Structure formats: C-alpha cells, structure tokens
C-alpha cells in the first residue's frame, strides 16, 4: 500500500482482538528497531491489554487507512508516569504520544506526519488540561524526528533513557 489521501485516514480504539496484529507489527524489523525486540505474545502485549481493560491510563488507537489497520498510536498524561515525567523534563501539563506504522511501505509517505498532527489536535488536545504534547524518538531515528517537526513539534533537548540505553530527542508541540 503506497498511496493514500487524508480522507482515507482514521483512528479506532484498540481492542483485545487487535493484539495478534500488534504483536505481528512489533516483530517487524522497521518497528522492532525503535520499539525494542518483542518477547513472547503474552509478555509483549500485556501492557496493551492493561490499557485496553482500564488498568493503565494510556489511550491506544489503531491507525486506519480505509478499512485497514496500518499502525498504532497512543497517548498518556506524563503525570500518570512520574518517573518518566522526571526523566524527560517536558514541562507542566504534558501528554505523551507514541506512534509506529506497521506497514513498512507507508514509512516515508507522509502518513505518519499527517496522523501525528491529526491525533495531537483531535485526541491529545481534546483534554482541556493538556498544554503540550511530547514524544521522544531515538536520536538516530531521523525520519521520525522529521515527521514530528513537520507536524508542528520542535526539538527541545536530548536525554539518555536507561531503559533502552539510548539517547532520545524530546520533541514538543504546544496547544494551539
């Protein structure tokens, strides 16, 4: 799948039946390179199931292109994860955003940039208390950093994350 138009793009809340697809995506080289190697199915999807079932405050969505699921996007309030909030030093009232496209043929097509912008506007900033949206791509993931910048985010600073032993770029977009 290579061509798309903005009218074809949508979101759908992630449900438990989506977990086999998410697990498949997590095992794809272009995803695993930045999201970490997947473990067994139960371990790899436990965090997603916790959010789906309301035990974790992260909001999960599939990215839809027409009637096909092509990726995952999520948001969360940094205040719900105090250790992470302290690590990234994003400022007050910030929400995080993480995204991947499971369909490698769509990487570099502009879809990620479109979804990031649409999601920030319609989901992240739908919470009136959220003043900023942040993400933390690996500093080596230049296409991801560029996608966020094209969606109106600015690179604020870099930080070391001991969880994956890598440097990350904090990118931030303020509420319009």
Once you put a point 7 Å from the Cα of residue 139 and another 7 Å from the Cα of residue 5, both along the Cβ direction, what distance in nm separates them? 4.2
First measure r as the distance between the Cβ atoms of residue 49 and residue 129, then evaluate 1/(1 + (r/R0)^6) with R0 = 25 Å and state the FRET efficiency to the nearest 0.05. 0.40
How high is the FRET efficiency between residue 150 and residue 33 when r is their beta carbon distance and R₀ equals 25 Å, given to the nearest 0.05? 0.75
Work out how much length residue 79 to residue 165 would gain on full extension: take 0.36 nm times their residue separation and subtract the Cα-Cα distance, in nm to one decimal. 28.7 nm
Give me the distance in nm between label points sitting 7 Å out from Cα along the Cα-to-Cβ direction at residue 174 and residue 158, one decimal. 2.6
Alpha-carbon radius of gyration plus Dmax, which is the widest Cα pair, for the chain in Å: 15.2, 41
Could you work out which residue, out of 106, 72, 97, moves most in a Gaussian network model of the chain, that is, has the largest mean-square fluctuation with Cα springs under 10 Å? 106
Proxy exposure order for 144, 105 (fewest C-beta within 10 Å first) is 105, 144
Report the FRET efficiency, 1/(1 + (r/R0)^6), for residue 68 and residue 41, where r is their Cβ-Cβ distance and R0 is 30 Å, rounded to 0.05. 0.85
How much length would be gained if the chain were fully extended between residue 105 and residue 15, taking 0.36 nm per residue of separation minus their Cα-Cα distance, in nm to one decimal? 30.0 nm
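No lab work stands behind these numbers, since they all come straight from the coordinates. Because the structure is a prediction, the values reported are computed rather than measured. Virtual Cβ from ideal backbone geometry, glycine too; neighbours counted across all protein chains shown.
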